[in-house]
Amino acid sequence: MQDKNILIIGASSGIGYALAKSLQDKGATLFTAGRQQPNGVQSTHMTWDITQTPALDALNQLPGVLHGLVYCPGTINLKPFQRLTMVDYRNDLEINVLGAVSALQAAYTPLKASKGASVVLFSTVAAKLGMGLHSSVSVAKSAVEGLTKSLAAELAPFKVRVNAVAPSLTDTPLAESAGLLGDDNKRESASKRHPLNRYGTPDDIASMAAYLLSEQASWITGQIIGVDGGMGSLK
Ligand SMILES: NC(=O)c1ccc[n+]([C@@H]2O[C@H](COP(=O)([O-])OP(=O)(O)OC[C@H]3O[C@@H](n4cnc5c(N)ncnc54)[C@H](OP(=O)(O)O)[C@@H]3O)[C@@H](O)[C@H]2O)c1
């Protein structure tokens, strides 16, 4: 990662934070964007609330060449279908999908200029596996998967790779705020739902993102890669 310019949107917590720390240790030059500057990460930070400011205005300190873009903002808004409102669906689409589209449009020229860039987006195991209460987030994340494949096809001639990581439940502030890992009982039942008998750590997911950014993944594009303790594929 030495001499690679990497933009992480949403590096202040969870998976994005774990990734920023790991890429910093590997010598990457980091550019970060989000509402808060990540603690203990050396980066050129651009303050951006994806729901308020257009990316083209906010991402104004991007370098001329960008080797990687990782878009981390996401939602876990679990409710019975009848209780989900249009506002919920729009909010999930805005944060998971439209924010990513907007960031990619702002970073398009520097990504192309690298002649070998990698884009990493985030889906969820719930886009592949039907899971009750997930209809809004699975709509949004399925759109992320469509975006991943379509852009991978369109940008392959420019050697820009586009992949998505699809985690299952991972111990981050997002999962915490959704109340999924709130006490020992919830943690134990969350572990038991996974074939590998545990929920994920931010590093489990960040290490796949780091791999997809690296030269070792230079022949991988258009993939949705489950990092989910077996949840998405095993009974
Ligand atoms: N954790 C899980 O169990 C799980 C499961 C499946 C999929 N995923 C997906 O994995 C990805 C990362 O999730 P995570 O658990 O690491 O989430 P997280 O802990 O909530 O971190 C999300 C990051 O996105 C940024 N962000 C959120 N809203 C934003 C906004 N309006 N404008 C700008 N930045 C914003 C936050 O930064 P600021 O607050 O500084 O803006 C934060 O750094 C998400 O796409 C999520 O859907 C997570």
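The values are calculated or read from the model by the stated rules, or taken from the named source; none is laboratory data. What you see is a predicted model; the values in this text were computed from it and never measured. Reconstructed Cβ throughout: ideal geometry from the backbone, glycine too, with neighbour counts over all protein chains shown.
Report yes if T201 is closer than 19 Å to P73 by Cα, buried (at least 18 other Cβ atoms within 10 Å of the Cβ) and within 16 Å of the ligand (Cβ to nearest atom), otherwise no.
Working: closer than 19 Å to P73 by Cα: yes; buried (at least 18 other Cβ atoms within 10 Å of the Cβ): no; within 16 Å of the ligand (Cβ to nearest atom): yes.
So T201 does not fit the description; no.
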Kindly list the number of the only condition in (1) outside any loop (DSSP other than H, G, I, E, B); (2) buried (at least 20 other Cβ atoms within 10 Å of the Cβ) that fails for A11.
(1)
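Taking the condition of a type in the set (S, T, Y), at negative phi, within 13 Å of the ligand (Cβ to nearest atom) and at pLDDT 95 or above, does S123 pass? Give the steps one after another, and end with the answer.
Numbers: of a type in the set (S, T, Y): yes; at negative phi: yes; within 13 Å of the ligand (Cβ to nearest atom): yes; at pLDDT 95 or above: yes.
Taking the combined requirement at face value, the residue satisfies it.
When the residues of the stretch 63-101 are filtered to those that are hydroxyl-bearing (S, T, Y) and farther than 28 Å from D203 by Cβ, which remaining residue is farthest from the ligand (Cβ to nearest atom)?
The first filter runs over the stretch 63-101 and keeps only residues hydroxyl-bearing (S, T, Y), leaving 71, 75, 85, 89.
Next, from what is left, pick out any that are farther than 28 Å from D203 by Cβ: 85, 89.
Values: T85: 19, Y89: 15 Å.
Here the answer is T85.
Out of E154, E145, I need the residue that is in a helix (DSSP H, G or I), in contact (Cβ under 8 Å) with a residue 60 or more places away in the chain and either under 15 Å from G222 (Cβ atoms) or more than 16 Å from the ligand (Cβ to nearest atom) (or both). Which one? Outline the logic, then answer.
Numbers: E154 fails: in contact (Cβ under 8 Å) with a residue 60 or more places away in the chain.
When all the criteria are applied, what remains is E145.
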